[in-house]
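Reviewing the structure listed below.
The values are calculated or read from the model by the stated rules, or taken from the named source; none is laboratory data. Treat the numbers as computed from the prediction; the structure is a model and nothing was measured. When we count neighbours, we look across all protein chains shown, and the Cβ atoms used for this are built from the backbone with ideal geometry, even at glycine.
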């Protein structure tokens with residue numbers, strides 16, 4: 001995903017949502033799904049809503065035989081990440097409000113929908129307050145792939161809320177098929193902030209061992225595609241970016257947290 005695609009997503013969202021949805025509020029969202037006030041337990045049975053992601057090596061960037069890759073997804077390169085844990089779901093409106101005392105989402109009230117209209121700074125601060133952090137871009141992609149090498153871990157309609165099926169809104173988390181790590185909505189619903197600064201040429205010079213992204217920059221990485229994106233953007237290697245303080249009208253942006261493990 002190039003910057004023009006990110007900006008186009010925002011523009012499309014503004015035009016498609018318009019006054020009707022703002023006037024109606026978020027009554028168009030599905031009612032909160034029973035039992036999802038707290039994220040579902042991970043496949044490991046973790047009651048904390050996180051799942052361990054084993055360390056390992058993978059091919060980061062444009063997937064083999066993927067014809068939709070953009071320039072910033074290349075060159076594909078071998079990367080190794082350490083063992084870490086990640087939230088099973090995107091952070092919900094209810095979770096964000098409980099910790100931060102506010103809910104900036106455009107699509108509310110929907111406690112079990114992912115929080116949206118979130119800046120990188122909002123996401124960073126939330127993760128810090130709950131004793132976690134944002135995932136690195138390499139960790140995010142490793143987790144999103146779920147052990148697969150393809151552009152998606154399953155058929156896009158079965159795993160993601162995106163432009164073709166989302167009805168111009170977010171949806172409660174964990175209502176699509178998870179990947180093999182037990183992670184829901186790694187593709188679609190809302191874009192997810194990563195810790196890294198963005199550099200479109202970074203892959204050509206990135207270290208192979210636990211890359212942390214550029215040392216500095218003006219924008220941060222967004223991954224995974226969102227409810228407003230076409231299928232082309234809802235792929236494991238698609239990269240987007242935006243200013244760390246931007247929030248207004250970026251109601252395609254959300255996040256999930258990660259943490260280090262020994």
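Structure notes:
- Looking only at region 165-185, and only at residues there that are touching a helix residue (DSSP H, G or I) at 6+ places or on another chain (Cβ under 7 Å) and in contact (Cβ under 8 Å) with a residue 40 or more places away in the chain, the one that is farthest from residue 147 (Cα to Cα): 168
- Single match in 188, 217, 225, 213 (criterion: closer than 12 Å to residue 240 by Cβ and either at pLDDT 95 or above or touching a helix residue (DSSP H, G or I) at 6+ places or on another chain (Cβ under 9 Å) (or both)): 225
- Among residues of region 112-150, those that are over 15 Å from the mean Cα position of the chain (by Cα), over 30 Å from residue 97 (Cβ atoms) and buried (at least 23 other Cβ atoms within 10 Å of the Cβ), counted: 0
- Test: residue in region 104-122 that is within 19 Å of residue 54 (Cα to Cα), in a loop (DSSP other than H, G, I, E, B) and in contact with a helix residue (DSSP H, G or I) (Cβ under 7 Å, 6 or more places away or on another chain): no
- Residues (farther than 21 Å from residue 164 by Cα and either surrounded by 15 or more Cβ atoms within 10 Å (Cβ to Cβ) or out of contact with any helix residue (DSSP H, G or I) (no Cβ under 6 Å at 6 or more places or on another chain) (or both)) located in region 228-251: 241, 242, 243, 244, 246, 247, 248
- Which numbered condition residue 216 fails, given (1) in contact with a strand residue (DSSP E or B) (Cβ under 7 Å, 6 or more places away or on another chain); (2) loosely packed, with under 15 Cβ neighbours inside 10 Å; (3) farther than 20 Å from residue 124 by Cα: (3)
- Residue in region 231-246 that is farther than 17 Å from residue 69 by Cα and free of Cβ contacts under 8 Å to residues at least 12 places away in the same chain present: no
- Selection count where residues are farther than 22 Å from residue 167 by Cα, touching a residue at least 24 places away in the same chain (Cβ under 8 Å) and in a loop (DSSP other than H, G, I, E, B), scope region 204-227: 8
- The one condition in (1) assigned to a loop (DSSP other than H, G, I, E, B); (2) in contact (Cβ under 8 Å) with a residue 24 or more places away in the chain that residue 143 fails to fulfil: (1)
- Residues satisfying the stated conditions in region 145-169, i.e. within 17 Å of residue 88 (Cβ to Cβ) and in contact with a strand residue (DSSP E or B) (Cβ under 7 Å, 6 or more places away or on another chain): 145
- One residue stands out among those in region 87-103 that are under 13 Å from the mean Cα position of the chain (by Cα) and in a loop (DSSP other than H, G, I, E, B): the one that is surrounded by the most Cβ atoms within 10 Å (Cβ to Cβ), which is 90.
- Count - residues of region 21-65 that are assigned to a loop (DSSP other than H, G, I, E, B) and either at pLDDT below 95 or surrounded by fewer than 14 Cβ atoms within 10 Å (Cβ to Cβ) (or both): 29
- Residues satisfying the stated conditions in region 241-262, i.e. modelled with pLDDT of 85 or more, closer than 20 Å to residue 173 by Cβ and within 13 Å of the chain's Cα centre (by Cα): 252, 253, 254, 255, 256, 257, 258
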